[in-house]
Every structure is written in structure tokens, then in C-alpha cells.
Amino acid sequence: MHPAFSSSPPKVISFDCYGTLVQWYEVLSAQVADVLARRDAAHLEPMELLTTFSRHSRRLETQKDHLLYKSILRQGFAAAFQEHGVAASADDVEQVAESIKTMGPHPDTVAALTRLKARYRLAIFTNSDNDLIAHNLRLLGVPFDHVITAEQARAYKPSHRLFEHAYHAMGVDRSETVHVAMGMDLDMQACHGLGVRAVWINRRGMQAVAAWKPYEELPDLRALPELLGA
């Protein structure tokens, strides 16, 4: 176990889901590419649309009145297609939004979760809705002790409100947890602000933000059980 975790072993390992555990970018890129090809916009890179969607989703997530994530998906992708001049239909947007339900685990996910489950309680902290995340949990196949959604907390990461709701619901102090996530601006930023121990899963070779340290960094989940002493 890494010294950062051995001095005060955690009780709960919490995870972001989309991108960290399941194939967010892989599934959405394929669906967006299908729409672009159908709408004579194959010259655009799917990642351009996903980056634009992320910007719109952040705007929608910070509105005063809480929007369910299923609405953010549809509004965000409709706005992204429009911004890039793609004549996407309502059915096109629906196709992309519904694909979130099909996102299964990365090849390294299940083995890592299974090893960690033998020692720790496992939790998911997700910017999703209760009914949406249920599909991904079924595809993961590893039982989680706690599933905390933005719908329950009425807040989206990086808001501290979701994390604080989670710790209260789980009956633990934040010092008794480690959070594992791929999201730098959503999860690592929040963990830094809350003083929560964290592991950044840098699956896409992204640039770190030094201001949001300390956190440990791994390229995927394969070495996570060893890092956490499982």
C-alpha cells in the first residue's frame, strides 16, 4: 500500500463512473461519428463535438434549478451539433443520449473492482440520474455498497455538495475515503478543495493540474488494488 493510504487506511473507495469505470468516450465517439456521417459532416472529429458538449453540459449543470442528467444530455448535444453547423434531428440527439445506457466496463475495470471489493466498501459518485446509472451498474456486474447520484444530491461535481451528501449518506468522514476518478476538473478539483485523498486515472494522457494536487496518478485501474493494499 502506498504511504499516502497506509497511515490511515480508508473504509470506502469511491469512484467516478463515466470514463473511469465505463467506456464513456469510446461509446459517445462512435455514436457521434455515426450521426456526422449521416448528416454529411464526416469532416468533423467526434471529439470536437464531445468537447463542445462538455462545455454546454457544465453550463446546464450550474443552473439554479437542478436539471436531470437525461435532460442535460439532450440539450447539451443538441446545442453542440447546432454550434458546429450539423443538421442533427431529434432522433439523432436521442440516439447519442440513449447510448449512455450501453456503456460497459473498460477491460481493466472488473478485475480491479473485484480485488478492492474483498477489502473495502465500494461507492460510485456520479453526475447521473438514478435510472441511468442502473444500466451501467448492471453492465459492470460488481455490486457497489453505495451509489450516489447528482439526482440525489441535487448538485453536480465539482460541487462539494455532492461529496458532502455522499459522506453523510454513507456514514463516514471524508478522511475515511479515497476517491478514484478520471475527471481532473470535476473530481480532482473537488477532492483538492475538500482535502480528500484521491487517485487520478489518466486514461487519455491528459495534462495534470498541479494546483489540484496532492493525488496519485495511474494510467488505468490495473495497479489500483496494489496501490490501495488490496
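Is it the case that some residue within the stretch 204-211 is at pLDDT 95 or above, in contact with a helix residue (DSSP H, G or I) (Cβ under 6 Å, 6 or more places away or on another chain), surrounded by 14 or more Cβ atoms within 10 Å (Cβ to Cβ) and not acidic (Asp, Glu)? Looking for residues that are at pLDDT 95 or above, in contact with a helix residue (DSSP H, G or I) (Cβ under 6 Å, 6 or more places away or on another chain), surrounded by 14 or more Cβ atoms within 10 Å (Cβ to Cβ) and not acidic (Asp, Glu), one finds none in the stretch 204-211, hence no.
Results for (1) touching a residue at least 40 places away in the same chain (Cβ under 8 Å); (2) under 11 Å from Ser14 (Cβ atoms), shown as yes or no for each residue.
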residue	(1), (2)
Arg154	yes, no
Val172	yes, yes
Val178	yes, yes
Leu186	yes, no
His192	no, no
Met206	no, no
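Can we say Val27 is in a helix (DSSP H, G or I) and of a type in the set (Val, Ile, Thr)? So Val27 passes the test.
One line per residue, one yes/no per condition, for (1) within 30 Å of Ala30 (Cα to Cα); (2) of a type in the set (S, T, N, Q):
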| site | (1), (2) |
| --- | --- |
| Gln95 | yes, yes |
| Thr114 | yes, yes |
| Arg138 | yes, no |
| Phe163 | no, no |
| His168 | no, no |
| Gly171 | no, no |
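Can you pull out every residue in the stretch 156-170 that is of a type in the set (Gly, Ala, Ser) and within 21 Å of Pro9 (Cα to Cα)? Selection gives Ala166, Ala169. What are the residues in the stretch 20-64 that are of a type outside the set (Ser, Thr, Tyr), surrounded by 20 or more Cβ atoms within 10 Å (Cβ to Cβ) and in contact with a His (Cβ under 9 Å, 6 or more places away or on another chain), if any? The answer is Leu21, Val22, Gln23, Leu36, Leu49.
Quick one: in the stretch 3-14, which of the residues that are touching a helix residue (DSSP H, G or I) at 6+ places or on another chain (Cβ under 8 Å) and surrounded by 14 or more Cβ atoms within 10 Å (Cβ to Cβ) is modelled with the lowest pLDDT?
Taking the candidates together, the pick is Phe5.
Cβ-Cβ distances below 8 Å connect the following pairs, each with a first residue in the stretch 105-121 that is free of Cβ contacts under 8 Å to residues at least 40 places away in the same chain and of a type in the set (Val, Ile, Thr), a second residue that is assigned to a helix (DSSP H, G or I) and surrounded by 17 or more Cβ atoms within 10 Å (Cβ to Cβ), and a separation of six or more residues or different chains: Val110/Leu140. Only residues that are without any contact (Cβ under 8 Å) to a residue 40 or more places away in the chain and touching a Lys or Arg at 6+ places or on another chain (Cβ under 9 Å) were counted across the stretch 1-57, and they come to 0. Filtering Ser71, Ser99 for residues that are closer than 22 Å to Glu151 by Cβ, polar (S, T, N, Q) and either crowded, with 17+ Cβ neighbours inside 10 Å or in contact (Cβ under 8 Å) with a residue 24 or more places away in the chain (or both) leaves a single hit, Ser99. Looking at the structure I just gave you, is Gly76 part of a helix (DSSP H, G or I) and not aliphatic (A, V, I, L, M)? Judged against the criteria, Gly76 is a match. When restricted to residues that are touching a strand residue (DSSP E or B) at 6+ places or on another chain (Cβ under 9 Å), buried (at least 16 other Cβ atoms within 10 Å of the Cβ) and small (Gly, Ala, Ser), the stretch 154-182 contains 2. For the stretch 156-195, filtering for residues that are closer than 15 Å to Ala123 by Cα, among the small types (Gly, Ala, Ser) and within 18 Å of the chain's Cα centre (by Cα) leaves 2.
The values are calculated or read from the model by the stated rules, or taken from the named source; none is laboratory data. Worth saying up front: this structure is predicted, and the values here are computed from it rather than measured. Neighbour counts are summed over all protein chains in view; Cβ atoms, including those assigned to glycine, are modelled from backbone coordinates with ideal geometry.
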